[in-house]
1. Label points 7 Å out from Cα along the Cβ direction at Lys337 and Glu80: separation in nm?
2. Over the range 158-232, what lengths in whole Å, largest first, do the semi-axes of the equivalent ellipsoid take, defined as the square roots of 5 times the eigenvalues of the alpha-carbon gyration tensor?
3. Mean-square fluctuation check for the chain, GNM, Cα pairs under 10 Å: which of Arg314, Arg180, Arg245 is largest?
4. Lys328 to Thr142: extension gain in nm, 0.36 nm per residue of separation minus the Cα-Cα distance?
5. Using only the Cα atoms of the chain, what are the Rg and Dmax in Å?
6. Report the FRET efficiency, 1/(1 + (r/R0)^6), for Glu117 and Glu20, where r is their Cβ-Cβ distance and R0 is 22 Å, rounded to 0.05.
7. Report, in listed order, any pair from Lys40/Lys82; Lys42/Lys92; Lys42/Lys62 with a Cα-Cα distance greater than 20 Å.
8. Can you sort Leu225, Leu182, Leu331 by how many other beta carbons sit within 10 Å, fewest first?
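Where a number appears in this text, it was derived from the coordinates with a stated rule and is not lab data. Fair warning: this is a prediction, and the values are worked out from it, not measured in the lab. With ideal geometry, Cβ positions are generated from the backbone for all residues, glycine too; neighbour counts draw on all protein chains shown.
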Amino acid sequence: MPIKLRKVIETVAKEKNVPEEVIEKALKDGIFAAVKKEYKLKNDQIRVIYDKEKDELKVLVKKKVTPFVEDERKEVTLEEAKQHNPDADYGKFVWMPLDLEDIGRIALAVAKDVIAEKVSKVERDILYKEFKEYEGKILTGTVRRFEDGDIIVDLGRLEAILPKEEQIPKETYKIGDRVRALVLKVTKENKYPVLEKGKVKRVIKTYEGPLVILSRTHPNFLKRLLWVEVPEIQEGEIEVKAVAREPGERAKVAVYTKDKNIDPVGVVVGLKGSRIQNVSNELSGEKIDVIEWSEDPAKFIIRALSPARPTKYRLLPKEKRIEIAVPKDELSLAIGKNGINAKLAHKLTGWHIDILSEEDFEKIQKLPTK
């Protein structure tokens, strides 16, 4: 007895947002698995055929024609066989249609499980491909719940995780709040290792993939916010060369342009600081220093130590180290509270920076080069 599937296929495909052919195959595979289990048959003894034009699904079971039927699941009488195959004869095998109503409840449950599993897998693959394209970009979602300090964020099509390590320390959220974050990683796996100093600190797990990890602390979140805020960055007139952050406290951004008629710092900061203030507000007041990048490492490092004003320097390229002299009354300004200014300058430039008073700078002899 054939059954109609078109409406079922169309409805489920629409609900799951997957192609109709995926649902069609899942249904066929599910019924195949159910028949195999119920009748204890091999793969080559079952056929599941779906005629799209007639919208009919048939299940055929391979049976042996015999005068005495001992097992109705695998044998058939000659009289019954000839109703479907005029060439049937004793000892031969024929394909007999199966009434799906003959399948037991257990078998139907198997079919349902197989269908659900296959549709779920395809659905996960589609979601993975969709969100993989957002990796490195910013998405906005809604706070749904909290799990051991992690924030579960509803992105509409799936839930993402904003780990506690990727949250700005002084920020707090409540259920229903809107949150913007960088899509840090999208993986098909259902687990994600959180690293600390190169070692696995803990593993975030979810029931099934894809797993979307968000971040509000990553330097690229700030970089992407600038891209959104500053059209000249989007258009390629200005390039963000480097970003260093102490999330929620302070950041430094190095910008550059080939156009000598453009002031990259002024453009990024905006009129009366409007552009950089918008970005700072998104980062809970994180203070952002914008400096002009230079291929001259000494010039770049000196700018990176802003607002301090170094007066002298000694560059040691082989060690990728620089000794900087600043007025004594600016020493604390150059180092910054808890060393934050010097730390960010180091992160931004990649150079080790020794900050000295002018007096101490003169006392130190130049280190021999190798």
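1. Result for the modelled spin labels: 8.7 nm.
2. Working: eigenvalues 102, 46, 40 Å².
That gives 23, 15, 14 Å for the three semi-axes.
3. Between Arg314, Arg180, Arg245, it is Arg314 that shows the largest mean-square fluctuation.
4. Working: separation 186, 0.36 × 186 = 66.96 nm, distance 4.95 nm.
Length gained, Lys328 through Thr142: 62.0 nm.
5. 33.6, 112
6. Details: r = 18 Å, r/R0 = 0.83.
The value I calculate is 0.75.
7. On the way: Lys40/Lys82 24 Å; Lys42/Lys92 18 Å; Lys42/Lys62 10 Å.
From the list (Lys40/Lys82; Lys42/Lys92; Lys42/Lys62), the Cα-Cα distance tops 20 Å for Lys40/Lys82.
8. Numbers: Leu225 20, Leu182 26, Leu331 16.
Listed from fewest to most nearby Cβ atoms, that is Leu331, Leu225, Leu182.
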